[in-house]
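The values are calculated or read from the model by the stated rules, or taken from the named source; none is laboratory data. Because the structure is a prediction, the values reported are computed rather than measured. Note that each Cβ is placed from the backbone with ideal geometry, even for glycine, and that neighbours are counted across all protein chains shown. Keep in mind that these areas ignore ligands, DNA and RNA; they rest on the heavy atoms of the full protein, side chains included. Shrake-Rupley method; radii C 1.70, N 1.55, O 1.52, S 1.80 Å.
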Amino acid sequence: MALESVIKEIKRIGFKDGLVAIFLIVATFAVMTFWSELSRDIYLADAMDSFRMGAIVGLSSAAIITLLAVLFFPHRLTLRQLPKLFGSTAFLIGILSIQLPSALVRYLPHERIQYLTEYDISFPGPSRGKSGHCEMGLWLKDRHLNRWIQFCSSRAWLKANCERGKDRIEVVEDVNRYGVKIVNYWCAWSPIKK
């Protein structure tokens, strides 16, 4: 039943336009998958940067695309189609641009820093979405962001890396103005106070 309706819709809009629509849908999912992998171990300085940047990129791109459509295809567009073109373009490009700050943290020039910090453990760990929770949450006090950040971890990692008495975590991270990318971390002893 659903396949018949898809075939009817492809016949209605034409084979070439149907292929373009399918390509756009598949490309959108591919880009979203790439972006979600890109943001792993990245923590932004301001969480609202993602939405602000997505809105700015989406609206400005939609304005440019709509203007180009009016200039180059004036006979194909009606006044009713222009708001639809602008809205759908702004939404799609805005959604795809939400992860741009994570890309800026990963790819822009950065400074590598290493420091000792406090940590805490929570059970269960952070949510993994529909697949449940991590076994353990590892909270680190990030020096650059001035806030606690949480990792997904396990008791096996804790047992293998943290001997009794190690009360600090040593962190190596890449830092720029948009946020931090955690490179590595391990348990360590507090410095000896003299």
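For residue 175, work out the one condition from (1) farther than 13 Å from residue 117 by Cβ; (2) surrounded by 17 or more Cβ atoms within 10 Å (Cβ to Cβ); (3) out of contact with any Asp or Glu (no Cβ under 7 Å at 6 or more places or on another chain) it doesn't fulfil.
Only one criterion in (1) farther than 13 Å from residue 117 by Cβ; (2) surrounded by 17 or more Cβ atoms within 10 Å (Cβ to Cβ); (3) out of contact with any Asp or Glu (no Cβ under 7 Å at 6 or more places or on another chain) is unmet by residue 175, namely (3).
Hey, among the residues in the range 53-105 that are outside any helix (DSSP H, G or I) and within 30 Å of residue 34 (Cα to Cα), which one's least open to solvent (accessible area, probe 1.4 Å)?
Narrowing the range 53-105 to residues outside any helix (DSSP H, G or I): 73-80, 97-99.
Those left that are additionally within 30 Å of residue 34 (Cα to Cα): 97-99.
Numbers: 97: 10, 98: 41, 99: 55 Å².
The selected residue is 97.
What are the pairs with Cβ atoms under 9 angstrom where one residue, in the range 172-187, is at pLDDT 85 or above and the other, located anywhere, is among the basic types (Lys, Arg) and open to solvent by less than 50 Å² (accessible area, probe 1.4 Å)? Sequence gap at least six, or different chains.
These pairs meet every condition: 173/181; 174/181; 175/181.
Read through the list (1) more than 19 Å from the chain's Cα centre (by Cα); (2) part of a helix (DSSP H, G or I), then give the number of the only condition that residue 138 fails.
Only one criterion in (1) more than 19 Å from the chain's Cα centre (by Cα); (2) part of a helix (DSSP H, G or I) is unmet by residue 138, namely (2).
Select from the range 114-123 the residues that are open to solvent by 40 Å² or more (accessible area, probe 1.4 Å) and β-branched (Val, Ile, Thr) and list them in ascending order. Working first, answer last.
From the range 114-123, those open to solvent by 40 Å² or more (accessible area, probe 1.4 Å) are 114, 116, 118-121, 123; that's our starting set.
Matches in the range 114-123: 121 only.
So which of 158, 145 ends up being farther than 12 Å from residue 115 by Cβ, open to solvent by 30 Å² or more (accessible area, probe 1.4 Å) and of a type in the set (A, V, I, L, M)? Don't jump to the end; show me each part of the working.
Details: 145 fails: open to solvent by 30 Å² or more (accessible area, probe 1.4 Å).
From the options 158, 145, the qualifying one is 158.
Do we find a residue being open to solvent by less than 50 Å² (accessible area, probe 1.4 Å) and touching a residue at least 24 places away in the same chain (Cβ under 8 Å) anywhere in the range 129-137?
Scanning the range 129-137, I find no residue that is open to solvent by less than 50 Å² (accessible area, probe 1.4 Å) and touching a residue at least 24 places away in the same chain (Cβ under 8 Å), so the answer is no.
Condition first: under 17 Å from the mean Cα position of the chain (by Cα) and closer than 20 Å to residue 111 by Cβ. Now tell me which residues in the range 144-173 satisfy that.
Taking the range 144-173 first, the residues under 17 Å from the mean Cα position of the chain (by Cα) are 149-152.
149, the sole residue that qualifies.
Answer with yes or no whether residue 163 is modelled with pLDDT of 80 or more, acidic (Asp, Glu) and either surrounded by 17 or more Cβ atoms within 10 Å (Cβ to Cβ) or farther than 23 Å from residue 127 by Cα (or both). Break it down stepwise before answering.
Details: modelled with pLDDT of 80 or more: no; acidic (Asp, Glu): yes; either surrounded by 17 or more Cβ atoms within 10 Å (Cβ to Cβ) or farther than 23 Å from residue 127 by Cα (or both): yes.
No.
Inspect all residues belonging to the range 5-14 and state whether any of them is over 30 Å from residue 145 (Cβ atoms), acidic (Asp, Glu) and open to solvent by less than 90 Å² (accessible area, probe 1.4 Å).
yes
Filter the range 174-194 down to residues that are part of a loop (DSSP other than H, G, I, E, B) and within 28 Å of the chain's Cα centre (by Cα), then give me how many there are. It would help to see each step written out before you state the result.
So the first thing to find is which residues in the range 174-194 are part of a loop (DSSP other than H, G, I, E, B), and the list is 177-178, 189-194.
Within this subset, residues satisfying the condition of being within 28 Å of the chain's Cα centre (by Cα) are 177-178.
Number of matching residues: 2.
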